[in-house]
Amino acid sequence: MYFDIQPKTKKEDLFGVDFALSTLLHHLSNPLTRMVVIKGLRRTGKTSLLNVAIQEYKSYAIKIDVRQSPYYDRQEFYLHLVQQIKKAVGESLLEKIAKGISSVKISYKDFSTTLFLSKEENIGFFFEKINAEMEKKKTFLVIALDEAQLLKHIEFDQILASIFDNYKHIKLIITGSEIGLLDKFIGHQEYKAPLFGRASMEIELKPLKTEQTALFLQQGFAQINKKISFEEIQEVIEHLDGILGWTTLYGWARAQGNSPERSLEVVEQDGTEMVRRELDLFLQGRKAKEKYRKVLRHLARGNNSWTLLRHSLAKEKIAATDSQLNLYLRELLDYNFIEKAAEKYFIADPLLIRAIKG
């Protein structure tokens, strides 16, 4: 069902990503591909694509939504990771692996706690044994980390670099919506980053084009036994600009029996509040939070070149040096609140524009 607002888990519920899905599955079965990176704006379907790929992959695989894991503590995250791997490979295989680590005297039942909370240095032994078992079975263990950039502050990128370098039967999928931070995490032009220089295949999801949005709405309405007019499609495209998550929410609201007008209100009210909370979370603890807001407001008004922004801030007597303005723009880009094209800056999400203007 296209208009299900939960992340998709079935192939038939995905829209417009057939090529991305087949490409991802190809890389998971290709021995030469060690790491896949999935990028995209918020609400473009990355998590759904990843969920379905894990379901379709016919071997061992885990997916961790880092936002819902103990990503603030390295040892706790190790434990969480092992628990997820246990579910994927099965208890019997994990027990065999545990017994094979001769340097650690443990029983299977307290395997995770003993090995990872008090013996963190044994993480290498664990992955070595996992890798050996996958090699015997002529398959791979896939570890997928959704919003992986959040693991940077516990330096988990060092562990991932070690896995990449040493264990050829463990594959990594890295996803994130904070594209600038994700690029830094995987070492793009960051030569000091642990993952710098590790080859990866990239898949990028973008907002729907006009004709894709129209087809998505037509097919989604057919699934709920409704028809949609050309005028309604145009209205949705104008207000939601091809953002798959917002368009799905609109379809869900219409499926509940709401009018087109009320459905747009639902999306704009709920979506605006959602992006406002995301922005507030980003600004939390930043001393120059009001200056970030000013930059966004000027971008929302169309002052989208660096020169226009600098002039606009000066006109309002807002103290900001050139280097400070560059910092504000760089961080907004890193966290994917804005995009840059042809030396101009844009707010990609129409509901963020609404939140800023409101």
TODO: Hey, can you tell me all the residues within region 138-156 that are among the charged types (D, E, K, R) and either in contact (Cβ under 8 Å) with a residue 40 or more places away in the chain or crowded, with 22+ Cβ neighbours inside 10 Å (or both)?
DONE: Asp146, Glu147, Glu155
Open item on the list: Looking at the structure I just gave you, is Glu290 at pLDDT below 95, in a helix (DSSP H, G or I) and either surrounded by 13 or more Cβ atoms within 10 Å (Cβ to Cβ) or on the phi < 0 side of the Ramachandran plot (or both)?
Closed with: yes
TODO: Among the numbered conditions (1) in contact with a Lys or Arg (Cβ under 7 Å, 6 or more places away or on another chain); (2) modelled with pLDDT under 95, tell me where Gly245 comes up short.
DONE: (2)
TODO: Restrict the check to region 308-323 and report whether at least one residue is surrounded by 12 or more Cβ atoms within 10 Å (Cβ to Cβ), outside the structural domain of Phe221 (by TED's automatic domain parsing) and in contact with a strand residue (DSSP E or B) (Cβ under 7 Å, 6 or more places away or on another chain).
DONE: no
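Yes/no matrix, rows are residues, columns are (1) touching a Pro at 6+ places or on another chain (Cβ under 6 Å); (2) farther than 21 Å from Leu41 by Cβ; (3) part of a helix (DSSP H, G or I); (4) in the same structural domain as Ser48 (by TED's automatic domain parsing):
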| site | (1), (2), (3), (4) |
| --- | --- |
| Lys227 | no, yes, no, no |
| Glu232 | yes, yes, yes, no |
| Glu238 | no, no, yes, no |
| Trp246 | no, no, yes, no |
| Gly251 | no, no, yes, no |
| Asn258 | no, yes, no, no |
| Arg262 | no, yes, yes, no |
| Glu265 | no, yes, yes, no |
TODO: Hey, can you tell me all the residues within region 170-206 that are of a type in the set (Lys, Arg) and not in a loop (DSSP other than H, G, I, E, B)?
DONE: Lys171, Lys184
- [ ] Hey, can you tell me all the residues within region 265-282 that are among the aliphatic types (A, V, I, L, M) and surrounded by fewer than 16 Cβ atoms within 10 Å (Cβ to Cβ)?
- [x] Leu281
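The values are calculated or read from the model by the stated rules, or taken from the named source; none is laboratory data. These figures come from a predicted structure and were not determined experimentally. Glycine gets a Cβ as well: all are built from the backbone with ideal geometry, and neighbour counts include every protein chain shown.
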